[in-house]
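All of the numbers you see were taken from the coordinates with simple rules; none came from a lab. All values reported here derive from a predicted model rather than from experimental measurement. Neighbour counts run over all protein chains shown; Cβ positions are idealised from the backbone, glycine included.
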Protein chains: 2
Amino acid sequence: MDHSLTPFFNPQGVVVIGASSKPDKLGYGVARNLSRSGYQGNIYFVNPGGGKIFNRSMYTSLMKVPDPVDLAVLIIPAAAAPETIKLCGQRGIRAVILLSSGFRETGPGGAELENKCLEIARRHNIRMIGPNCIGLLDTHLPLDTSFLQTPLPRKGNIALISHSGAVCAALIDWSLVQNFGFSHLVSLGNQADINETDILSMVVEDPNTEVLALYLECIQDGRRFLETAGAAARKKPVIVLKSGRSEAGQKAAASHTGALAGSEIAYTAAFSRAGVLRAGTIEEMFDWARFLAWGKKIEGRNIAILTNSGGPGVLATDALGNENLELAQFTMQTKTALEKRLPPAASIRNPVDLIASGSPEQYATCLNILLEDPGVNGAMVILVPPPMYAAIDVARSLIPVIQDSKKPVGVALIGGKRILKARQLFKEANIPEYPFPESAISSLARLADRADYLRQPHHSPTRPADINVDRAQQIVEQAASDAWLPAQELETLLEAYKIPVSPIKLASTPEEAAHIAAGMGFPVVLKIASPDLQHKSDVGGIILNIRDEEQTRCGFTQMIERVSAQIPEAHLDGIHVQRMLPKGQEVISGVIRDKQFGPLVMFGSGGVEVEGLQDVAFELAPLTEHQSEVLINRTWAGKKLSGFRSIPAADKQAASDILVRLAWLACDCPAISEIEINPLLVMAPGQGVSAVDVRVRISESNTSGPC
Amino acid sequence: MDHSLTPFFNPQGVVVIGASSKPDKLGYGVARNLSRSGYQGNIYFVNPGGGKIFNRSMYTSLMKVPDPVDLAVLIIPAAAAPETIKLCGQRGIRAVILLSSGFRETGPGGAELENKCLEIARRHNIRMIGPNCIGLLDTHLPLDTSFLQTPLPRKGNIALISHSGAVCAALIDWSLVQNFGFSHLVSLGNQADINETDILSMVVEDPNTEVLALYLECIQDGRRFLETAGAAARKKPVIVLKSGRSEAGQKAAASHTGALAGSEIAYTAAFSRAGVLRAGTIEEMFDWARFLAWGKKIEGRNIAILTNSGGPGVLATDALGNENLELAQFTMQTKTALEKRLPPAASIRNPVDLIASGSPEQYATCLNILLEDPGVNGAMVILVPPPMYAAIDVARSLIPVIQDSKKPVGVALIGGKRILKARQLFKEANIPEYPFPESAISSLARLADRADYLRQPHHSPTRPADINVDRAQQIVEQAASDAWLPAQELETLLEAYKIPVSPIKLASTPEEAAHIAAGMGFPVVLKIASPDLQHKSDVGGIILNIRDEEQTRCGFTQMIERVSAQIPEAHLDGIHVQRMLPKGQEVISGVIRDKQFGPLVMFGSGGVEVEGLQDVAFELAPLTEHQSEVLINRTWAGKKLSGFRSIPAADKQAASDILVRLAWLACDCPAISEIEINPLLVMAPGQGVSAVDVRVRISESNTSGPC
């Protein structure tokens, strides 16, 4: 926990600088909200003109504000911010919320002003939220530093951390109608100093918070976020709605926040690694948050469905399938118990259909029976307006069963007016309910996903003992930057990390090629050597299965002629000679480096199919042997390595080991911006792999350091 | 239009048989609802005990009910149904709604009773809805034959046809809160006589209906539905929510190709062919229905986004990407016009961000500017509660612009209490609005999908002139059923449809094989011939590239030994000899027959990959050349046929032609239950294709006839 952030969460006294008595000013809103929030510490207002507002005199200067005060909320013209922050420093205040806008979001002039504010803040050891934000709300303390017209939301146990103030404002308003509560809302604005990771690390420790919901448009320091979110997710559910998923969305996010959105592949890999649940929409985020905030645990993915109408029962079954949940199988005891209590027309198989005549008592009894079945991990209860009973009576009957069970129960109340009172009763009992089965089932699935995640072993990747980090770093340091690593260095580099590579030698003349080939032993392969040609096979730059010296000479001459004729502008270094390898499965593996999250290991179908089929998957580096296997198994190329029908199995374990090594290589040498082994030949089990064609790109500087 | 159904939609008089004066009886509910519905024709009640209810005397017998009356609503004990239907017939009534339950849904006894009712109905030329349903509601006529406790829904232009009465009931209740209306609701129950297709064909002609929404759990006669829905969808939007996706989806995932014939695949192909929009949830169905019922048209997929908050703008941009819509590019004129009206901090690029200060006037002006841009096909307006204005003022300002524009506008009002009045105003103006951008954008996308569908040429597939239908039918008729067609007949069959097949001959001895091979010319391929082995390569049952007679003899002997050793129980007919073919791309093609929808053509990656990669797509037979090409292009195998990187192009057109022929073959010979060509070798452009390995299954009888 970062103690410099404590005043934001437990201030000893709050001063609003720029408080105003004019109701059309934001400074009036802030004073009003803070006053009515119920904050128990001292509240001070500063306005150069003095006066009185909300039963408090306004100080004409910050210097006159008495102790204790350790949090300042600034709602002043942007131009006055640097000087005011300085005054805060001089007054001994180390925590500032700068609500004002007119900074980075307005252009270069604003960015300069923002930098100046940050610089002054740093000089005075001040931590700052904002600028261009709506501040902090805490329903439990309570505290409200915003200028929003809505009142403080209901007390609850969901914390929202948001890059968008408008999203905060809209959600508070929405929550008042949807009738759910928040513990904290933190609007981060331009994040000149404090960002999502800082706040996440604080809020996860808050005893009033059960679920953390984050609306993010970018992540500034990917690796730090990953670490913090990963640790947080092991304590409490973390749900992220990351906008800018699509390419167009990324551009839109960039123009909105000025931030670089980072690659979608990296975000996906990072959220998965951290155990963060990724929502697709605001609605989904809060569907899940309400359910996870309930605090129930789930032991497996087998769900019993209980309904009074067949149609919605089938829809719920479909939804289970979509969410990778299972229809629970009932024990004989359960079936007998259900049979005894239900009419013959009812279904005692899953989904259990009470039919339209289902009574409040039948609902409660059957739910109880289902929840006691050891093969049932959770239940989904569906209620359409019962024709012969009041829905509220069904609710009254169900609620104690749901509350008393340790197993989670999703509730879908389908209808409108006739279901309204039942809905209200569930809300009052703090049991999450949904208008349709799909959102309840999606929430059950997230609970199960989280349980799966927590059950996984969480080992840290360890560096293989037999690699030579120094040697690799030396090669990379000495290499030309913004260029592909030459063949000889490449070989040494891979050797240092024990990545088997088929020896490859450069020949400049037909004679030299024949000589090298004879040394290696036939058959060999010839490949055109040129920095300008990345796809050699397209231009006839590969000849396989050369069987003697004469064929080698001849192949050399013809290849040079062919390639020169096709791409006259390509610079040709000569021709690479490589030993022809035994049969195996060809896959692609490699590393790419993401600006926010650093190196990502790639695995998939090699050859031309890598682009056409896009059968590739990514994982953050470094990775454990287990993570490497999971990565491989996510692709069709990886599934084939286990053997499939007439395709014999290959040395999957060796392939997995290579990915671990590639990952460390990229982590240990940050100047490597890309590694591509295409193909990596995976031979029969026990016979290992061989990197047939490898390229490694060295770049001047990479924004993300070693991992 | 089926005139026998007219009394259901425009009855000249309605009699309720089983009307009751006891409020706890369903017969009371029916009488109450019909009385209060406002139905303008004559209403009669029949109850053996007589009496008076809702100001009407009850007749003691149907025979005493005076003319005009042409629709009877039956709410009587199931056992009394056959006799009562007979009475209706005798009374001259030709339309019956049998609301009662206790029929097929209760088991074999009930099914028998239902069959008896149907038989009597048929004998008297009576058309029947139900049993086990909630009947008909028509808000315009008006008419309500249900016993539901909810009042008639609002008048609207959405028709709902539902297999589930409970779904109807819940949706009526829901619509009263959501504030949208229906034209018709038809609950079909057990569909002893009248099914979804019958009703669809009627309702599409109803001038008060703009959109047809169908909740279906099955489809009885796939081809008839396809035809009716296809014709309907060209007149009005048809949205289907088909439940039971997952079970079929599991079948589709089954490992055997034949099992890929899961009906989910057929439903998907059928809905797509018919231009039906397929919703995944009830919510989605009505999100779309409300938007499509609005009646706006769209000319393209380029959308302008207008917002007062950046975050939701980015989320909307993501949603566009998910829905295959595009961010519109603005003309210079549009940009200049926006620039003039907006502050510098606003974004004049798409998404247009008015920022929090966006005024009602700016909203209206900017939306107008955007809608006048010729590059904009539709707009998405997002409003979070504006801090400085009332949301209702923004609504007031936007509504005339939206109403006056020919282009569709999606509206998302994000928030709760502070947005409530604005929401109400949109509802009153009959402009669909949504709580979040995603559902509005998904609705815009369906409008665009529909426009795309209507723009497609709608040719009927024509049978190629050079095929010999009689010859094929003769072979199939003479073939043993429930068996694979023997090799020689297979060859003749394919020849009749001009499907080039590599000649294949059966050899029983090594000598015979050598003789056949010599006759064909080397090299040849040997393949084990056995009705028990469907995957020959798994057991070493294929040898390629046999170059002379000696190798042929030797290969024959070894193969027989090898296969016998592995699968001793397999019956071996001998060995097939086939000419070795030039290089080409191997794909799979075939036909499977679905119970509901008849033959489906399949195309995809051949070899072992058909099961592993599941790169296969399906289309209903028959198909046009264009549909065949589209089918091919949906797969990676098909994309490769056009040439991809170092993979040379192949004769895609010939492949497409083969699919057309295969489709006709299956249509013309309904006894063919399956055709699989795996691999189909597609040679270089202009060089055609060759069916290398073909199997055709003949079945005793197929439920679906020729198409």
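Observations on the structure shown:
- Under 22 Å of direct C-alpha separation, and excluding same-chain neighbours fewer than eight residues apart, B:LYS595 reaches these lysines: B:LYS242, B:LYS251.
- Distance cut-off 20 Å, percentage of C-alpha pairs in segment A:135-206 lying past it: 22 percent
- For segment A:3-209, the ratio of Cα radius of gyration to the globular rule of thumb 2.2 N^0.38 Å stands at 0.94.
- Binning all Cα-Cα separations of segment A:295-455 at 5 Å, short to long from zero, yields these whole-percent fractions: 2, 10, 21, 24, 22, 14, 5, 1, 0, 0.
- Mean separation of Cα contacts under 8 Å (6+ apart) over length of segment A:1-110, as relative contact order %: 28 percent
- Counting charges near B:LEU662 (Lys, Arg +1; Asp, Glu -1) among other residues having Cβ under 14 Å from its Cβ returns a value of -1.
- Relative contact order (%) - criterion: Cα under 8 Å, at least six apart; region: chain B: 8 percent
- For segment A:146-299, a Kirkwood hydrodynamic radius built from all Cα pairs, placed in the Stokes-Einstein relation at 4 °C and 1.567 mPa s, yields a translational diffusion coefficient of 83 µm²/s.
- Here is how far apart the B:GLU205 label points are across copies: 7.5 nm, shortest first, using a point 7 Å from Cα toward Cβ.
- Computed over segment A:1-119, the range of Cα coordinates on each principal axis works out to 41, 38, 24 Å, biggest value leading.
- Assuming charge only on the beta carbon of Lys and Arg (+1) and of Asp and Glu (-1), the dipole of chain B about its Cα centre is about 2700 debye to the nearest 20.
- When +1 charges are put on Lys and Arg Cβ atoms and -1 charges on Asp and Glu Cβ atoms, the dipole computed for segment B:503-580 relative to its Cα centre reaches about 260 debye.
- The region of chain B that goes longest without hitting one of the GluC sites (Glu not before Pro) in a DSSP loop, each with at most 16 other Cβ atoms within 10 Å, is B:300-568.
- Selection from B:SER673, A:SER187, B:VAL65, by position along the positive dipole direction of the protein assembly as shown (Cβ): B:VAL65
- Simple spin-label estimate for A:LYS22 and B:ASP67 in nanometres, 7 Å along Cα-Cβ: 8.4 nm
- Taking Cβ atoms as reference points and 10 Å as the exclusive limit, the residues near B:GLY590 contribute a net charge of -1, counting Lys and Arg as +1 and Asp and Glu as -1.
- Bridging of B:LYS296 to lysines at a Cα separation below 23 Å is possible for B:LYS155, B:LYS235, B:LYS236, B:LYS406, B:LYS407, B:LYS427, once same-chain residues fewer than 8 apart are set aside.
- Chain A: radius of gyration over Cα atoms, expressed as a fraction of 2.2 N^0.38 Å: 1.19
- Sorted from nearest, the other copies put their A:ALA80 label points 8.5 nm away, the label point being 7 Å from Cα in the direction of Cβ.
- Between 0 and 90 degrees, the angle of helix B:108-123 with respect to the longest Cα principal axis of chain B falls at about 80 degrees.
- Descending semi-axes in Å of segment B:482-568, equivalent ellipsoid built from Cα gyration tensor: 22, 18, 10
- Percent of C-alpha pairs per 10 Å bin, the protein assembly as shown, short to long: 1, 7, 13, 17, 19, 17, 13, 8, 4, 1, 0, 0
- Cα radius of gyration and Dmax for segment B:344-424 (Å): 12.1, 37
- Calculated FRET efficiency for the pair B:ALA79/B:HIS535, C-beta based, R₀ 51 Å, to 0.05: 0.40
- Calculated P(r) of segment A:530-628 - Cα pairs past 22 Å, %: 51 percent
- Against chain B, whose longest principal axis comes from its Cα atoms, helix B:81-91 is set at around 70 degrees.
- Other-copy label distances relative to B:CYS554, 7 angstrom Cα-Cβ extension, nm: 2.7
- Sparse-neighbour loop sites [trypsin sites (Lys or Arg not before Pro); segment A:501-602; at most 12 other C-beta within 10 Å; DSSP]: A:ARG547, A:LYS583
- Cα gyration tensor, segment B:649-696 - rounded (a/c under 1.5), prolate or oblate: oblate
- Label point distance in nm, B:ARG154-A:GLU119, each placed 7 Å from Cα along Cα→Cβ: 5.9 nm
- Dipole moment magnitude, nearest 20 debye, the protein assembly as shown about Cα centre, only Lys, Arg, Asp, Glu C-beta charged: 5160 debye
- Considering only beta bridges that DSSP places wholly inside chain A, some 50 percent are antiparallel.
- Cut-off under 5 Å, modelled amide H: who pairs with A:VAL73 long-range: A:VAL15, A:VAL16, A:ILE17, A:ILE97
- Theoretical FRET efficiency, 1/(1+(r/R0)^6), r = Cβ-Cβ of B:SER57 and A:LEU420, R0 41 Å, to 0.05: 0.60
- Within straight-line cross-link reach of A:LYS335, aspartates and glutamates at Cα separation under 17 Å, skipping those fewer than 8 residues along the same chain: A:ASP353, A:GLU372, A:ASP373
- Electrostatic tally near A:ASN42: other residues with Cβ closer than 12 Å to its Cβ, Lys and Arg +1, Asp and Glu -1, net -1.
- Helix axis angle, A:165-178 relative to chain A longest principal axis, alpha carbon, degrees: 50 degrees
- CD proxy at 222 nm, helix term only [per DSSP H run n ≥ 4: -39500 (n - 2.57); per residue of chain B; nearest 500]: -12000 deg cm²/dmol
- Cross-linked pairs A:LYS536/B:LYS536; A:LYS498/A:LYS652; B:LYS505/B:LYS536; A:LYS536/B:LYS639: Cα-Cα separations exceed 25 Å for A:LYS536/B:LYS536.
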